[in-house]
Amino acid sequence: MKVLLAEYTTLHQPELASEGEAMVKTLKASFERLGYEVLSPEKGDFKREIRRLAEVCDYGLVIAPDDLLAGFTHEMECIVHSVGTNSTNAALCANKRLTARLLSDHGIDVPREVTSGTRVIKPIKGVGAKNVRIADEEPGDGEFGQEYIEGDAISVSIIASRVVGEACLWYSGAPPRILAINRQNVEIRDGKMLYHGGTTPIDHPRSEEIGAIAEKVVKILGCQGYIGIDMIVGDRIVVVDVNPRITTSLIGIAHVMEEEIGDLLIKASEGLELPPVHLKGTVSFDTNGGIYPE
């Protein structure tokens, strides 16, 4: 059987290519250990490559920046069974402002929008920490401002079962499964936020609360597949971003997890309830794919 791993940045976005390459390398190794043949796009039009390869594959997964994920996912899910989130959810989560408003409406604590003073300025549609900065200035076109919150920068890596799309075949109502809580290595340099990787798994004193909030976020937004949820944990537990795609944390998680990430993704996409995962040890990881045992 064949799996299409369509990772965008390695061929089309050099500034993010090292992270993309590390993520797809991790996934490729897992699927190959499971006996799958893994195919990936070649140079050229990315959508055309997805269409060409999806025709001969049994499963597919798009890995791309948030603002591009929905379009590429739509191309894939029209042809082959996707083990990632659906294109509608990808489009929703790409809009950081809309996502925050929806979560707030359902009782999730998110940063308040502010229009004066020092604040976090971020693109309405962006990816990770790219172009995110702390400043007392007016947001530019396509940007907005949120309150700056002190606390631990953590993320939750979680896999959700099938919610929509081929619902008659695959929907089961199986609950999401948390893989790990991760500490993020985020540097603020000259007002700019820079992401360098992180540590996984961590045992946070508020782990139960963090996990419950992550599960609620997934259900509110209708996420599927692997999701990375970024939070600031201090006096409050604040959700600052939702990434309905493979994130860099998976590089570290896959290194310490006994289960195969490829197997978990396929089972979740087919509506099967995932068992608890088993993590042995703790590692730090960087955005180039480096793994450093703690």
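The figures follow:
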read-out	value
Gain in span if fully extended, ALA212 to LEU98, counting 0.36 nm per residue against the direct Cα distance	38.9 nm
Within the chain, helix-based [θ] at 222 nm, where runs of 4 or more DSSP H residues each add -39,500 (n - 2.57), nearest 500	-9500 deg cm²/dmol
Normalised contact order of segment 139-294, rounded percent, pairs of Cα under 8 Å and 6 or more residues apart	28
GNM flexibility winner over the chain from CYS93, CYS78, CYS57 (Cα, springs under 10 Å)	CYS78
Trypsin sites (Lys or Arg not before Pro) within segment 213-294: DSSP coil, no more than 10 neighbouring Cβ in 10 Å	LYS280
Sites ARG52 and ILE291 - FRET efficiency at Förster radius 35 Å, r taken between beta-carbons, to 0.05	0.55
Shape call, segment 1-59: gyration tensor on alpha carbons, a/c limit 1.5	oblate
Isotropically averaged projected area of segment 70-213, using the convex hull of Cα atoms (one quarter of hull area), nm²	10.4
Of LYS43/LYS192; LYS125/LYS192; LYS47/LYS219; LYS47/LYS216, pairs whose Cα-Cα distance is over 26 Å	LYS43/LYS192; LYS47/LYS219; LYS47/LYS216
Mean projection area, nm², convex hull over Cα of segment 205-286	6.1
Projected-area average for segment 43-137 over all orientations - Cα convex hull basis, square nanometres	7.7
Sparsely packed GluC sites (Glu not before Pro) within segment 23-85, loop by DSSP, other Cβ within 10 Å at most 14	GLU42, GLU55
4 °C / 1.567 mPa s Stokes-Einstein diffusion coefficient of segment 143-294, Kirkwood radius on C-alpha pairs, µm²/s	81
At R0 = 25 Å, FRET efficiency that the Cβ-Cβ distance of HIS278 and MET1 yields, to 0.05	0.45
Measure of compaction for the chain (Cα Rg per 2.2 N^0.38 Å)	0.95
Loop trypsin sites (Lys or Arg not before Pro), segment 10-109, which have at most 11 other Cβ atoms in a 10 Å radius of their Cβ (DSSP)	LYS43
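Since every read-out is calculated from the coordinates, none of them should be taken as a lab result. As the structure is a computational prediction, the values presented were derived from the model and not from experiment. We place every Cβ from the backbone using ideal geometry, glycine too, and count neighbours over all the protein chains shown.
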